[in-house]
Amino acid sequence: MKKRVSLSIFVFIFAMLCIPAFFIMQSYGVFQKEKVLSDYALAIEVNGKSYATWPLINGYAAMDKAEENRQFYYRIDASGLQNLFQLAYQEYEIEPNDTNPYLAGQINYSSDAMNYVNEEQQYLNANDFIPIVKVFNHDGQLIYTYEKTGKGDGRLVQSIIHQGMTRSNGNGSSKAARDPYLNITALFRDQLHIDVQLTVDEERKIVSIRMNKPEARS
């Protein structure tokens, strides 16, 4: 009887210790297949050289942890999504400089590019509405829509934890910081016929994006 009570107490204490451990591991994204690129500089590779892509933000970008068939993601609720389309359609100029010794320069985006990403309000009645993100291709065709729920949509938007970050949930406790990330690799491949690949340089802490020209893919 005493052994059974002792075992029950041990199991209870072990379970109580596992709860905070699970939360800590979850907040660091241990259980997900993606990771946010906040520990890397984000760049675009052009003719074998890497250039800074500001205003793309590394903390809004993510990739699969596994190298095989690695997917690239970007926050669908962030303005930088527009710049990714400009990179895909090569609507930019290269400015070589030595500001960052690990990069060959930076990208200057064209100011007259069309709006590839718009946010609209879809009214349910005279008082209530749902914010909708609409994504378009170069021909102005609608290629994706997303209701701004802050969650994944079961299609191309994944709910990804920003490892090491937590947010208050309003009742005095905190939870892992989750945000909606659009699978850029899948969207550009299927809708723009553009291949998106990543090169990860762990020594220099750079993730370089490579995009093929639209006319180069049959």
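Couple of notes before you dig in:
- Scope region 47-91; condition farther than 22 Å from Tyr144 by Cβ and either of a type outside the set (A, V, I, L, M, F, W, C) or outside any loop (DSSP other than H, G, I, E, B) (or both); matching residues: Asn47, Gly48, Lys49, Ser50, Tyr51, Ala52, Asn58, Gly59, Lys65, Glu67, Glu68
- Meets criteria (under 20 Å from Leu37 (Cβ atoms) and either at pLDDT 95 or above or surrounded by 12 or more Cβ atoms within 10 Å (Cβ to Cβ) (or both)) for Ala88: yes
- Residue in region 82-91 that is within 17 Å of Ala186 (Cα to Cα), under 16 Å from the mean Cα position of the chain (by Cα) and among the hydroxyl-bearing types (Ser, Thr, Tyr) present: no
Okay, residues lined up against (1) surrounded by fewer than 20 Cβ atoms within 10 Å (Cβ to Cβ); (2) more than 21 Å from the chain's Cα centre (by Cα):
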position	(1), (2)
Tyr74	no, no
Gly80	yes, no
Glu93	yes, yes
Asp98	yes, yes
Ser111	yes, yes
Asn115	yes, no
Ile130	yes, yes
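- Residue within region 93-103 that is of a type in the set (Ser, Thr, Tyr), in the same structural domain as Asp201 (by TED's automatic domain parsing) and part of a loop (DSSP other than H, G, I, E, B) present: yes
Let's see how each residue does on (1) in contact with a strand residue (DSSP E or B) (Cβ under 6 Å, 6 or more places away or on another chain); (2) closer than 19 Å to Leu87 by Cα; (3) touching a residue at least 60 places away in the same chain (Cβ under 8 Å):
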site	(1), (2), (3)
Asp98	no, no, no
Gly105	yes, yes, no
Asn108	yes, yes, no
Ser111	no, yes, no
Asn115	no, yes, no
Tyr123	yes, no, no
Arg155	no, no, no
Ser159	yes, no, no
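- Test: Asn69 is under 15 Å from Phe188 (Cα atoms) and assigned by TED's automatic domain parsing to the domain that holds Asp195: yes
The values are calculated or read from the model by the stated rules, or taken from the named source; none is laboratory data. Just so it is clear, the structure is predicted and the values come from calculations on it, not from any experiment. We place every Cβ from the backbone using ideal geometry, glycine too, and count neighbours over all the protein chains shown.
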